[in-house]
Amino acid sequence: MKKLYTLMMMAMMGLMAVSLTSCEDEQIAYTLEGTWRGNMYITSEWDGRYYNSTATEITFSKDPYYYSSGTGYWVDYYSGAPWDYVANHINWEVNNRTIYVHFVEEGTSLQIRDYRLNSNRFTGYIYDHGNEVEFELYNVSRPNYNSYRWGYDSWNGYYGWTRGEGNDSSKTVEKPRRFVREK
């Protein structure tokens, strides 16, 4: 009987650890949402020459249905290179405190681990196939959810939001649609 109790308690502790990690991943994604600018210390090679990026801008937009993932874009700016910038649409996900980023146009992926993140600053390391790159970004904008009234929408039968002041439900805003523009 004691063995069964011990097994049940271990299973319960394992389940709690998984559920707490999920909540932590959602909190990381919530803090990550917005636009970040700074330096990724990235170097690109072209025609035998190396060029350092001068700035990076990343926008993380959360998926409203999967709370620890989303889409966005990543732009690296260069000075003195044959190009001004390299831009990609991204898909991202937070899983067990690791941020996975997939570059849509390039078809490549990387991981962000060993990072420090708060509402204003995001620093750490990017891991890309054995390469480790340091970065330092600062938040320049984030969604302002305080300008929305949250509540139950009796017409559609789900919780949602309306923009504006007062209780005029005729001011509902359509949900944005995701799309990728071709070059």
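The values are calculated or read from the model by the stated rules, or taken from the named source; none is laboratory data. All values reported here derive from a predicted model rather than from experimental measurement. Neighbour counts are summed over all protein chains in view; Cβ atoms, including those assigned to glycine, are modelled from backbone coordinates with ideal geometry. The protein model used for the area step is the full one, side chains on, heavy atoms only, and it has no ligands, DNA or RNA in it. Shrake-Rupley method; radii C 1.70, N 1.55, O 1.52, S 1.80 Å.
For the range 121-137, the set of residues classified as in a strand (DSSP E or B), without any contact (Cβ under 8 Å) to a residue 60 or more places away in the chain and open to solvent by less than 90 Å² (accessible area, probe 1.4 Å) consists of 123, 124, 125, 127, 128, listed by residue number.
If the condition is being closer than 19 Å to residue 142 by Cβ, of a type in the set (D, E, K, R) and surrounded by 18 or more Cβ atoms within 10 Å (Cβ to Cβ), then the range 63-86 contributes no residue at all.
For the range 100-120, check the following and say yes or no: at least one residue is outside any strand (DSSP E or B), of a type in the set (A, V, I, L, M, F, W, C) and surrounded by 14 or more Cβ atoms within 10 Å (Cβ to Cβ).
There is at least one residue in the range 100-120 that is outside any strand (DSSP E or B), of a type in the set (A, V, I, L, M, F, W, C) and surrounded by 14 or more Cβ atoms within 10 Å (Cβ to Cβ).
If only residues of the range 40-62 that are of a type in the set (D, E, K, R) and open to solvent by 30 Å² or more (accessible area, probe 1.4 Å) are counted, the one that is modelled with the lowest pLDDT is 45.
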